[in-house]
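Student: Have a look at the structure that comes next, please.
The values are calculated or read from the model by the stated rules, or taken from the named source; none is laboratory data. Note that the structure is predicted; figures quoted are calculated from it, not measured. Counting neighbours? That spans all protein chains shown, and the Cβs are built from the backbone with ideal geometry, glycine included. For accessibility, only protein heavy atoms count, side chains too; no ligands or nucleic acids. Shrake-Rupley method; radii C 1.70, N 1.55, O 1.52, S 1.80 Å.
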Amino acid sequence: ASPRVARREDEAAAADLLRSDEAVLRISQNLDEGFNRIFKEGLKAYVEQHSSNLQHLADTDALTGLYNVRYFRRQLHKHLEMYKRYRIPFSMLMLDLDSLKQLNDARGHQSGDLALKHLAAIMTTEKRETDVAVRYGGDEFFLVLPGTAASEGERLAYRIVRSVRRLNIHSNGREMTGVSIGVVSCPENGADVGTLRAKADRALYLAKAIGGASVACYQEFFEALTDKFT
């Protein structure tokens with residue numbers, strides 16, 4: 001071949017090689033971009049899931065699996081705001097196991113812990129999905145019931161008391177005591193944290209005072225107190 005032809009062939013070969021290199025480069029860039037996108041999405045999903053798991057652990061009571069006091073406070077403030085802004089009422093149940101100390105003394109703390117777990121399971125079974133079940137501390141529990149009047153909260157409280165009583169009878173007192181429950185509602189009994197907590201505590205006190213394993217609404221407590229001094 002003449003030098004001119006040879007040069008043309010060389011130039012053509014170089015052009016083909018350049019196009020080939022560009023194609024390889026584009027493929028490589030596309031792969032890098034795809035990998036980076038997948039990696040970033042995977043990393044984002046991992047971080048979100050990990051953060052969600054950490055948040056769940058921070059908001060959960062280790063023994064019972066219910067929400068803890070930190071989560072309860074946030075939810076109570078949230079529902080008070082919902083009432084103030086949109087006039088959405090809610091009820092709150094305050095629960096306390098009767099004679100838990102006696103059960104611990106007679107059968108050991110394992111039996112007491114089992115009673116706490118049983119109550120948590122009963123609360124979870126009886127409540128709605130939107131209700132918030134909380135172990136506040138010790139043998140004290142709460143249920144926050146969005147969009148619920150006091151009468152509906154009272155019905156739920158009696159269902160819990162009956163379920164606890166059945167377990168108490170079934171286990172012959174080895175795994176469960178009784179439970180007392182006080183019921184309050186917003187706005188009937190108040191629209192701030194301090195007032196609702198105080199009135200729930202008074203209603204629970206009445207449920208304990210009339211023998212335990214019972215339910216009392218704040219209004220009942222007020223009427224009983226009035227009758228006592230009239």
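Student: Which condition from (1) within 24 Å of residue 68 (Cβ to Cβ); (2) surrounded by fewer than 16 Cβ atoms within 10 Å (Cβ to Cβ); (3) not small (Gly, Ala, Ser) is the one that residue 90 breaks?
Tutor: Only one criterion in (1) within 24 Å of residue 68 (Cβ to Cβ); (2) surrounded by fewer than 16 Cβ atoms within 10 Å (Cβ to Cβ); (3) not small (Gly, Ala, Ser) is unmet by residue 90, namely (2).
Student: Same structure, new question: What tally of residues in region 56-68 results from selecting those that are more than 9 Å from the chain's Cα centre (by Cα) and open to solvent by less than 40 Å² (accessible area, probe 1.4 Å)?
Tutor: So the count comes out to 3.
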